[in-house]
1. Filter region 133-154 down to residues that are buried (at least 22 other Cβ atoms within 10 Å of the Cβ) and within 20 Å of Thr265 (Cα to Cα) and give me whichever is modelled with the highest pLDDT.
2. Within 15 Å of the chain's Cα centre (by Cα) and crowded, with 23+ Cβ neighbours inside 10 Å - does that describe any residue in region 114-131?
3. Please count how many residues of region 154-172 are over 19 Å from Gly11 (Cα atoms) and outside any helix (DSSP H, G or I).
4. Just the residues that are under 19 Å from Gly11 (Cβ atoms), in contact with a Ser or Thr (Cβ under 8 Å, 6 or more places away or on another chain) and touching a residue at least 40 places away in the same chain (Cβ under 8 Å), please, taken from region 173-198.
5. Of these, Ala147, Ala151, which one is in contact with a Lys or Arg (Cβ under 7 Å, 6 or more places away or on another chain) and assigned to a helix (DSSP H, G or I)?
6. Can you name every residue in region 234-283 that is modelled with pLDDT under 85 and farther than 12 Å from Ser171 by Cβ?
7. Grab the strands (runs of 3 or more DSSP E) fully contained in region 191-261, keeping just those with 1 or more residues being surrounded by fewer than 17 Cβ atoms within 10 Å (Cβ to Cβ) and of a type outside the set (Lys, Arg).
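The values are calculated or read from the model by the stated rules, or taken from the named source; none is laboratory data. The shown structure was predicted, so the numbers you read here are calculated from the model rather than taken from an experiment. Cβ placement follows ideal geometry from the backbone for every residue including glycine, while neighbour counts extend to all protein chains displayed.
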Amino acid sequence: MTPIVAVHGVGHHAPAHSPQDIVAARSRRWSEDLAQGLGLAPEHLDLCYAYYADHLHASRPTAQGGTEDDAALDRLELDDPSAATLAADWAEALGLPRATAQGRLAVPLRHLAGMVAEHLSLDGRLTRAFIATLFRDVARYLGDPKARAAARETVAEAIRARRARIVIAHSLGSVVTYEALHAHPELEVDLLLTLGSPLALPHGVFHRLSPAPEDGTGRRPPGVRRWVNISDHGDPVAVPRPLSRRFPDVDEDLTESISLFDFHTAARYLRSAAVATAVRAHL
C-alpha cells in the first residue's frame, strides 16, 4: 500500500491524551474519512496522522471555559497580541475594510469576529469560536521559533519514518508541511495535497514563510513531484484565491463545492470527490 501522512490543522490539541494515543485514534479517523471518498475500506489505506499541536501549547496554561464566548477572544488578544494583527490581515483578504491603526487592531477582536460573521452570513457564536482557535494556533506557530521548529521537525520525521509517498496537509498543517519539506529537501513525495490552505494570506502568513518568498512568489518544496491544492469556494481560511497566484509551481489549483456548512473541516475535504481524484492517481 502507498504510505500516506496526514497533517492536521488548527484546534487539534488534546492535552488529556498522549501523543501516541492521539496519532493512533486520528489515523483511524482520517483513514475512514479518506476511504469513504475513495470508495475503499479503511484497511486498504496506509495512513499515519502527524500530530504537532502539543508543541504549540507547550508551557502554556490550559484555557478555562469554552472558547466560543467574547471573553475567549479578549484573552486571545492579551495572550497573543499578534493574533489580532493576523485576524485583521485575514479580514482584509476577505474583502472587509482594514481594521488596524498604526499596527494595532482598531476594534476589539470580538467585534471583528462579528463583522466577519455578518459579511459571510455565518453564525456569530461559531465564528467567534472558530477565530479564537484559528488565530491562537497560527499566531503561536509563526510567533514562537521553538514551537515552530518542533512542529516542523515532527512533521518531517513522520514523512521520513513512514517513507510517505503522499502527504495530505489541512489548514495550518499546509504551512507546517510546506516549511518542513523545504527544511528537508532530501524528503521526496509523489503528491503534496494541500486542503483549505492559508499559505497565500498576505502579511499574516505568506510574507512570514520560511523560506521567504522571492519576488512575490513562493516555491514548491524541492522533493515534491506534484502539488495539488483544493479549497472550498466558501472556505474563509483559504484566501486569497487562487493559491497559484502566489505559488505558480502548484500543478493543479482547484476551487470546489465541498460542503455548504462545514466549510473548513478536514473530514469534509477528505470525503470529497476532488480529493479522491487527486489521491487515487497515486495509490
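1. Tyr141
2. Looking only at region 114-131, we keep the residues that are within 15 Å of the chain's Cα centre (by Cα), and these are 130-131.
Subsequent filtering for residues that are crowded, with 23+ Cβ neighbours inside 10 Å retains 130-131.
Checked region 114-131: at least one residue is within 15 Å of the chain's Cα centre (by Cα) and crowded, with 23+ Cβ neighbours inside 10 Å.
3. Looking only at region 154-172, we keep the residues that are over 19 Å from Gly11 (Cα atoms), and these are 156-167.
From the residues that got through so far, the ones that are outside any helix (DSSP H, G or I) too are 163-167.
Selection size over region 154-172: 5.
4. Step one: filter region 173-198 for residues under 19 Å from Gly11 (Cβ atoms), giving 173-177, 194-198.
Now drop any that are not in contact with a Ser or Thr (Cβ under 8 Å, 6 or more places away or on another chain), which leaves 174-175, 177, 194-198.
If the condition is that a residue be under 19 Å from Gly11 (Cβ atoms), in contact with a Ser or Thr (Cβ under 8 Å, 6 or more places away or on another chain) and touching a residue at least 40 places away in the same chain (Cβ under 8 Å), then Ser174, Thr177, Thr194, Leu195, Gly196, Ser197, Pro198 are the ones that fit.
5. Working: Ala151 fails: in contact with a Lys or Arg (Cβ under 7 Å, 6 or more places away or on another chain).
The conditions single out Ala147.
6. Gly234, Glu256, Ser257, Ile258, Ser259, Leu260, Phe261, Asp262
7. On the way: elements: 191-195, 227-232, 252-256.
Strands (runs of 3 or more DSSP E) meeting the threshold: 252-256.
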